[in-house]
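Step one of this worksheet: look at the structure below.
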Amino acid sequence: MKKICILMILMVGCNTKSCNMDNLAGTLGTFQPWGFAASEDQMNKAIANLYAQNPKYVIPEKWKYLDNWEESGYGFLQGKIFYFGQIPEEMYYVSYSSDHIDDMKVMAISVRAVTDGNDSMRWFKNDEIQESEQKRINNRFYEEIIKKLEKLLGVPAQKFNP
């Protein structure tokens, strides 16, 4: 609620372009969101187990400098980074939180930003990426992460409209 109030105060009298709010914390877009009928504690444990069973998803030393979400003002997000070493080599910044989607209380999870570690050494939001690449990213996230979380949580993921 506090975040919503702050955002509303900032938006009074200006739109996101005229006040350059596109780059403020809290304005990350989202790729394909997924929902799980699980608690935050269950999701935390499932992700910890996913990393333990698949250490290939842990950030490699060469890209640790890109884990700067706290300094960038996104520390309030329940965020994790997943590294993919296979071509194309890239990392996904993923956040999850308890939410009400389609009148259902769920843990909503989605990719929020992507980096390949090369292009200006920065993260790209979904609206900065071509649609064909967005589809590839969404598919990779589903195949490599969501399916594993379904097994770890013992519940199917539900696809939601972004």
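Just so you know, all these numbers are worked out from the coordinates, no wet-lab data involved. Keep in mind that this is a model prediction, so the values were computed, not measured. Note that each Cβ is placed from the backbone with ideal geometry, even for glycine, and that neighbours are counted across all protein chains shown.
Counting neighbouring beta carbons within 10 Å and listing from fewest to most, the residues Arg136, Arg112 come out as Arg136, Arg112.
Between Asn161 and Tyr142, full extension at 0.36 nm per residue minus the direct alpha carbon distance yields a gain of 5.4 nm. Backbone amide hydrogens, once placed in the peptide plane, bring Ala38 within less than 5 Å of Met107, excluding anything fewer than 5 places away on its chain.
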